[in-house]
Amino acid sequence: MQKIINAHEQKSRCKKFNGWTSDALKWMGTLLLVISLFPVMGQKITLSTKKLAMKDVFAAIKKQTDYSVFGNLDLLEQAKPISIDAKNMQLDQFLSLVVKDQPFTYRIGNKTIFLSEKNVPQKSEEIKKISTRDSIKITGSIVDSLGKPLPGASILVRNANKSTKSDQDGSFRIDVGEEDVLLISYIGYRSQQIPINKQIMSNAAVTVRLFPNLNNVDEVYVSVNTGYQSIARERIAGSISKPDMDIYNDRVGTMNVIQRLDGLIPGLTVNNAPGADPFQVRGLSTVGSTINIGGFGVSTTSRSPLFVVDGVPYEDISLINPNDVLEVNVLKDATAASIWGTRAANGVIVISTKQGQKGSGKLKLEYSNFLRIQKRPDLSYLPVLDSRSYIQAARESFDATIVPWTNINAGITPIVAPHELALYDLSRGLATQQQVDQRLDSLSKLSNSAQISDLFFRNNIVNNHSIAASGATDKYAFYGSLNYTGNRGIGNRPDNASDIFKLNLRQDFKFGSKVNLYLVTDVTNNMGRSNPWTNFDSRFTPYQLFQDVNGNNIDISWRQLTDQLRNTAESRGKTDLSYVPLDEPGFGYTRTNGLAVRINTGLKVDLYKGLSFEGTYSYTKGKNESRQFEDQKAFDVRKEVLSYAVFNPSTNAVTYHMPRNGGRLRTANTSREDYTLRNQFVFNKNWSGRQHQLTVLAGNEIQSQSTDNVNELIRGYDDNLNTVQMVDYKTLSSSTLQGIIYPTTGGLAFYSPDIYSVQNLDARLISFYSTLTYMLFEKYGVNASWRIDQSNLFGKDKSAQNKPVYSIGGVWNIKKESFAHEIDWINELRMRATYGITGNSPSPGTASSQDILLARVPSGYTVPNGNIYTINSPANRRLTWELTKNTNFGIDFGLLNNRISGSLDAYWKKTDGLLDLMLLNPFAAAVSPTILGNAGEIRNRGLELSLTTNNIQHGKFNWRTTLNGAYNTNRVTKSYNANSITTGARKVSERNVQDYSAYAIFAYNYVGLDELGDPLIQLNDGSTTKKPNVSKPEDILYSGTTQPKWSGGFNNSFRYDGWRLQINMVFNAGHVMRRDVNNRYTTVNAYQNNFHSDFADRWKAAGDELTTDIPSFVGNTSLNSSRRSTFYYMLGHTNVLDASFVKIRDLTLSYNLPKELLAPLRISDLRLFGQLGNIMLWKANKYGIDPEFQGLGTFGGTRALRTGQNTISFGANLSF
């Protein structure tokens, strides 16, 4: 009855909130009712044993209850072994029997068992003093050796009935007196006693740092996870970094697990610039090239780190719910990563997901949500002309003698903008100067920027809800979550939306005392939808409106054809060719549906005295379906019909080769199937009081990855009836069509088969591996690993397959030495050194031990059976993986009572056998003249620093700072391209050149303009020239690399009582980018889009070369190309800019409601937060360019609209 009464009381409390209008609080009340009806598990013990050591008895109590043990644990060593037979015995009764005739006693409070020595009575004066002295409330925080918060730590005031536990952020509050002693304990860590002194009383604050309890086995108290094993950090010589999970969890600006690590891991570079490698660990170990495989672009090697989830490689990290992540370990050097063999050269990111805590006996519910809003992008970020300046530029560049109207009427350049039509009318005598001036002046007064922003862009709104439940007994534990993310206005575009559902369930089973089993089931469903909106922005013709004053959509068919040409085509083809951009979104759609299932299971069997068997088995199945439909009303469909329609002028008959009824349906289906089978034996033993600690692991692994891509195009498709019109593709592809209705040069049409394509990629790997970790006296450690991989991605030659990777490393715990004990200001000091080899394998399909044939239907002629076969990937039997040699030296430190802590690493990497494209025998019947081979070398070196300081801890106020910084530089020491770069133009176009940094930018030595406004460059001999194509490689300047040399993050955390302010800054520096510049210097007319704003500042008259370096406009293309090269300016060194920047990636203000307010509602925690994201603080360039939106193009830099910037988010985290 007591539970029922409590439930009614709880419901009545919830009813008090009926006045609140929030749906979230109504939902909260429902959950509270459910929780209140859950039975509270009684604390009972079952134990039958003879002569069991007392410490093992209390270990059994911990497993069967959620009670902590606190006190002088040396008393357990002094206790006598006991024999007992208890079945479902109450805890208090059980303890009474246990402590009988023992030298200690106990008491129970706040779910903690407190041990104390018997027969130590307190004097009455001391008791009176304790009860009457003044007390104050102090605040504090419990952190680990790296400064990371420890939630749920027990805090007890000795000899007083006062205790509490630390919050999720490690903070706590408790009343103490000046002579009190705090007892701090946390599972897996050494307990500490903190005497309360005058300094603590005056500051009203204390920070307690706990260190791992090395008297326990590594499997229980995990520090780092390599994906193959979990082992105490103190025993690892490798360079492994972990992020601050508080910051990680706060970052709602992205749902990508790796993006959330930006600035949190030294050496992990996140580069968001278009076309850049988004994630790199310790620079570039490979460069790779992109080749064509059956119409699909495939990179020859992966430049991305290897992602591992729950011990298994995982390709699409976006499928992992970031809220399910328990911890992340980034493996950076060979000792840490070489166990992953030929996939580890780029670093390994190991992700462990959450699980239920065994033995807790509780059901825990958590709910979190956030709403993120990003406004429409600022169109003024793109440097273009306004309408008046645009009309003026058009006047100055127009020349009817160079592009006469007859060329336009012949269909050579069939597009004429309204301002150009006015100028042509003037040249043809169809309008007077005054009439043309009036028409142009009218256009110059119009601006479409507001309409483009309002009609073609939307605010991006992301809404996320996550519910998680976990619970456990001593035999079973589970963690389950359901996550929904709704994204509206993706890319700030209308009708572009997605709904993502993620379901995750992890179950852990314990069978007896020797067998443990886990099962992870993860399902992700991603459904997307969009309509065919044209991507107009401020680079479009600035005066062209899209709606009139009455809101009617405007026809702008001039964007496709002149009126004369359009009328003729419509008359002949009996097909409407009007083009109304705002109508087009209603004439089609794109729907995507992706489903991914991950099943991961593992088994551990304790065999004999430290020897165990572990098995990991994973299966992943994914399928993505895309369906893109264009109705017959869509302009592109109408245009295609007339582009293959032949008109007979003698009979006025039309032959249609494409269906006039029905639209186009494109489907793309990708399916992926992966599996991993891993079996290993682990021997883990320590002896002689842990003076010797040994862990040996040996195993075998089989991996398979298979991907199928199928693309299909159907014409004449009726989306309502699901019917299809027949098309004679054989006739279309066998000849060139003449007399085409839609205007083309010469009236010709060619059809290239595009209706079906299939691609299959398979990668198979079999591996054998072993690791050894040995620790002597808890001071000196040795790590070693060995692995050999055999794969279908390598050549069959034995020299290619049988190449093992290995590593060796040592660690010295200096603080354990006797001479360091007396140095009080040093709390932790460890030195590490490692050397080893890692690898990087070719991408599937890029190479093989036998020729890979490509079958295709030829265009323009017929062959027997309708197919021809070419060698798509020539055989290379000696192709092997890239080999990277790694050397690393590191130091970990904690100073001044760990007020200052961190690590410093220096490393050197050399990659041999760099995979690159090499010239092929010209007589080989191959699609490409190149073959993938081991042809290059690259070297990296760098420094990494992680530094955390507790700056102020005073009363309720705390200020902590963390700096994660890294420096990396690389050099291509050997490249197959070295002998093929014979001209300056070729060198400027290259990115990876021998003796320079990878991803290099080379530029002409631009020195200004001559008296004609033509660009000049200086050659290596000191002379200047404007003549095209005369520069040599030695004339070209190295301007830097697009890969940041400096990267990292700077975090400041401020906490006052329940308030917390997190400011996370990220920085990339030491790299360069090309500036986007004007690229219109010739070809008059045909300028329907806007000009770069620099066009107005170009050279116009003699003498301008003294005030501008922007070349003149030369309308005659032949004269322009023969007299000069404007690439000298566009790709000149003066337009290569420093790309360094600093941003506030996120600024979060949160408030945790007081526990005393939440306790009556049975709420453990309630946190409310607001967040600002991606705020630019500083950039090195003076042109206002955001380096994260600047790419590389043929004519210099390319500037993209800034999306995802200056976001605002609100949310809440709730736990029961």
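The values are calculated or read from the model by the stated rules, or taken from the named source; none is laboratory data. Owing to the predicted nature of the structure, the values given are computational and were not obtained by experimental measurement. Positions of Cβ are backbone-derived with ideal geometry, glycine not excepted, and every protein chain shown enters the neighbour counts.
Numbers below:
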{"item": "Per-region count, the range 545-578, residues outside any helix (DSSP H, G or I) and out of contact with any Lys or Arg (no Cβ under 6 Å at 6 or more places or on another chain)", "result": "18"}
{"item": "Selection within the range 627-664 - within 16 Å of Met726 (Cβ to Cβ), crowded, with 16+ Cβ neighbours inside 10 Å and β-branched (Val, Ile, Thr)", "result": "Val641"}
{"item": "Selection within the range 663-699 - over 26 Å from Asp316 (Cα atoms), assigned to a strand (DSSP E or B) and among the hydroxyl-bearing types (Ser, Thr, Tyr)", "result": "Thr695"}
{"item": "Residue within the range 895-917 that is over 24 Å from Glu990 (Cα atoms), of a type in the set (Asp, Glu) and surrounded by 23 or more Cβ atoms within 10 Å (Cβ to Cβ) present", "result": "yes"}
{"item": "Tally of residues being buried (at least 18 other Cβ atoms within 10 Å of the Cβ) and in contact with a helix residue (DSSP H, G or I) (Cβ under 7 Å, 6 or more places away or on another chain) across the range 498-521", "result": "1"}
{"item": "Filtered residues of the range 1125-1169 (kept if hydroxyl-bearing (Ser, Thr, Tyr), part of a loop (DSSP other than H, G, I, E, B) and either modelled with pLDDT of 95 or more or buried (at least 20 other Cβ atoms within 10 Å of the Cβ) (or both))", "result": "Ser1125, Thr1126, Ser1140"}
{"item": "Residue that is touching a helix residue (DSSP H, G or I) at 6+ places or on another chain (Cβ under 7 Å) and in a strand (DSSP E or B), where the choices are Thr534, Thr485, Thr524", "result": "Thr524"}
{"item": "The listed residue being out of contact with any helix residue (DSSP H, G or I) (no Cβ under 9 Å at 6 or more places or on another chain) and over 16 Å from Ile1017 (Cβ atoms), out of Ser1118, Ser1140, Ser1150", "result": "Ser1118"}
{"item": "Residue satisfying all of: in the range 825-850; part of a loop (DSSP other than H, G, I, E, B) and crowded, with 16+ Cβ neighbours inside 10 Å; modelled with the lowest pLDDT among these", "result": "Gly845"}
{"item": "Long-range neighbours under 7 Å by Cβ, at least six apart or interchain, first residue closer than 18 Å to Ala985 by Cα and in contact (Cβ under 8 Å) with a residue 40 or more places away in the chain within the range 997-1013, second aromatic (Phe, Trp, Tyr) and not in a loop (DSSP other than H, G, I, E, B)", "result": "Ala1000/Tyr1038; Tyr1004/Tyr1128; Tyr1006/Tyr1128; Tyr1006/Tyr1129"}
{"item": "Selection status of Val682, more than 30 Å from Gly622 (Cβ to Cβ) and either at pLDDT 95 or above or in contact with a Ser or Thr (Cβ under 7 Å, 6 or more places away or on another chain) (or both)", "result": "yes"}
{"item": "Strands (runs of 3 or more DSSP E) completely within the range 33-134 that count 2 or more residues being more than 28 Å from Asp175 (Cα to Cα), modelled with pLDDT of 80 or more and not acidic (Asp, Glu)", "result": "44-52, 82-90"}
{"item": "Residue under evaluation Ser1122, criteria (1) small (Gly, Ala, Ser); (2) part of a loop (DSSP other than H, G, I, E, B); (3) surrounded by fewer than 16 Cβ atoms within 10 Å (Cβ to Cβ), criterion not met", "result": "(2)"}
{"item": "Search result, residues across the range 209-229 that are modelled with pLDDT of 85 or more and not in a loop (DSSP other than H, G, I, E, B)", "result": "Asn225"}
{"item": "Which numbered condition Met527 fails, given (1) at pLDDT below 95; (2) surrounded by fewer than 18 Cβ atoms within 10 Å (Cβ to Cβ); (3) not polar (S, T, N, Q)", "result": "(1)"}
{"item": "Residues of the range 243-261 that turn out to be surrounded by fewer than 21 Cβ atoms within 10 Å (Cβ to Cβ) and within 18 Å of Leu947 (Cα to Cα), as a count", "result": "3"}
